[in-house]
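Just so you know, all these numbers are worked out from the coordinates, no wet-lab data involved. Predicted model, so just to flag it, every value in this text is computed and none were measured. Methodologically, a virtual Cβ is constructed for each residue, glycine included, from the backbone with ideal geometry; neighbour enumeration extends over all protein chains shown.
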Amino acid sequence: MYDQILVGAAHVFEPWTLFAVLAGVAGGLVIGSIPGLTSTMAIALLVPLTYAMEIEVALPLLMGVYCGAISGGLVGAILLNIPGTPASAGTCLDGYPMAAKGQATRALGLAVYSSMIGGTISGIALVTIAPLLAKVALSFGPWEYFALVIFTFSCISAMSVKGRAVKAFMAAFIGIALALVGLDEASGQVRLTFGFTALESGFYELPALIGLYAIPQLLADTDGIGKEAEILKIKFRLSDFTRTLGEVLRRKRDLLRSTFIGVAIGILPGVGPGLSNIVAYSQAKRASKHPEKFGTGELAESVISPEAANNASMGGALIPMLTLGIPGDASTLMMLGAFMLHGIDPGPLLFRDNGEIVWTVFVSFFVAFAFCTAIYHFFIPLTVKAISIPRQYVIPVLLILCTVGCYSLNNRMFDVYCFLGFGLLGYLLHIARVPVLPVILGLILGPMAEEQLNLALAFGQGSIWPFFTRPISGAILLIAFLSLALPPILARYRGRLTEEPA
Amino acid sequence: MRTSDLIFSFLYIAALLIAATQLFKLSDMNAAVVSAKLYPWLVVGAGLAVGGLETLRTLVSKESGEVSGISVIWHRAFARRRMILLGLFVVYLAAIAFVGFLASTAMFCFCTILVLAPKRSMKAAVVAALTTAGTLGLIYVLLVVYLEAFLP
């Protein structure tokens, strides 16, 4: 293992790779700080462009973008009261009031240092948990993998907004059905092509992912043109900024609790920083001696908690992606696309066969956080400028980059038309308030589910009982069932309790 | 949201039923242990069941409190700027085959910035021209020179 660590570190500490990470972090910070442009969008833009790069450079670059974009959301949240990414929604609640009181540097410092500490601890969790889980996953058979796919969809459904759980399942079935399109390699028959030969090779995942995410978001972003919010003025002093590190370190309990929440939520398939920051904020409020002061911008922990949690989710989200091939959130889903683009299938075998690639990811994760911290120290005023770029300049440029990226994957316009088609589908779902993530997961996990189901049935002579009788598979299916069945039962029970007070 | 939910459920079920018509054409191989039809039918069947469940849930739901009515949703979905951007993008993709990538990209970038801008002025035109030149330069240097990739 030590030789793999050294090889991974050697890859990352090549001058060009370090430059790629730095450029990725800087680009991610800019995109993440612009409200409406998420980390997923930033990675989606870049993944196709990494096609021609060596994987040892491409992955660190994408890790840089991932870290930068998630961290970048805090600037918009604090100075505009608009989270740059959903991951910073909780930061708005106290970060903006704190900045409005003339303590913008303090708010930014608290957010930056807690982000970096949360992210680094989650990196340690990633490095320790992922290899262990990969070892356990080596014993998984097709029954366990199929059960994991079911668990992933149940997680997304369980975490959906109230009343949208069934819609999340519908979205997943749309994705799985779209993954059926094309030639079935096992039987040699074409499925759902409606006679179009262009569809026989199926949909390439990346144009679909980029279209589903980018087009609806960019169309919706046009609503904000001409309504740019007022940015709070900031007198940035480096000494004031660095002084907040002590304040963050004094809140060890909040920091560790939020980091734990972030890692735990990040590990759950399909949910990530968007949820963890809100949960961490509410838990910090519950644990606080002064919950009434939350929302006023007085307490440091109200800024520290959501920011530590959202960055901690990043390490957590990478764990199932690297060890099982199941993405922890939308951004790692794009990262999964990047691995597949370079011919590498994430899963337990990745640790055995391409250990140096795994360690390249691990090392670049830490390096990206180090660069992110450094950039924040010296370029905060520049980041503040980024959030005031009018959208009309950004939107067409991003659409053009997406188009070029989709074309460059296979050098064919069909992928660009798929990008547009999936974009229109994503827009329809956006209007109907149906989550897009399950569609993408369906597209990615659909073929895996089919392969594993067929293998499991073939090994079991057509019997479905091993799904329930094998301990790990049975346990995963039971948890999936409980995650779906328990929330409505508990909600009804709580409803009764409030209706019939003692 | 009830009306839009029902419209979505209807479209979803219709799409899966159309997909189901294609599955009848699939045949099994004698040597295969597992039927080639099993998984596709499982997906379409379970998908239809979920769609039916959601339709029923929406119909019997007491939730009348429409967060926003269908007209509001419709108005937002077909907002002027959104449709202009979508229209320009479709024209841009169609134009690539006839005009070439660089020319169509330049036109798309310049026109979109100007059309989306809240106020049209000489300054906006200059910024649009500079952004267009910068974008084309970036794409050329990054993709053609550095990554040696092909342009559409």
- Simple Cβ-charge dipole of the protein assembly as shown, Lys/Arg +1 and Asp/Glu -1, about Cα centre, in debye nearest 20: 2160
- Paramagnetic reach from A:R250 in region A:282-301 [backbone N under 16 Å; point 7 Å along Cα→Cβ]: A:289-290, A:298-301
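Report the FRET efficiency, 1/(1 + (r/R0)^6), for A:L138 and A:L478, where r is their Cβ-Cβ distance and R0 is 25 Å, rounded to 0.05.
Values: r = 22 Å, r/R0 = 0.90.
Here the calculated transfer efficiency is 0.65.
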- Pull up the cross-link candidates among the lysines for A:K285, meaning alpha carbon to alpha carbon under 30 Å and not fewer than 8 places away within one chain. A:K101, A:K162, A:K233, A:K235, A:K252, A:K293
- Cα-based Debye curve of region A:235-312 sampled at q = 0.17, 0.19, 0.23 Å⁻¹ gives log₁₀ I(q)/I(0) of -0.65, -0.77, -0.99
- Across the residues of B:34-47, average count of Cβ atoms on other protein chains within 10 Å? 6
- Note on the structure: Each label sits 7 Å from Cα toward the beta-carbon; between B:L138 and A:E200 the label points are separated, in nm, by 3.9
- Message: Modelling each spin label as a point 7 Å along the Cα-to-Cβ direction, I'd like the A:L424/A:W16 distance in nm, to one decimal.
- Response: 4.1
- Message: Can you compute 3J(HN,Hα) from phi for each residue in region A:378-384, using the Karplus curve 6.51 cos²θ - 1.76 cosθ + 1.60 with θ = phi - 60°, rounded to whole Hz and x for Gly and Pro?
- Response: 10, 10, 4, x, 5, 4, 4
- Query: What nm value, rounded to one decimal, do you get for the distance between A:V7 and A:T128 when each label is placed 7 Å out toward the C-beta?
  - Reply: 2.6
- Query: Okay, which of region A:395-439 sit inside 12 Å, backbone N to the point 7 Å along the Cα-Cβ direction of B:A97?
  - Reply: A:413-414, A:417
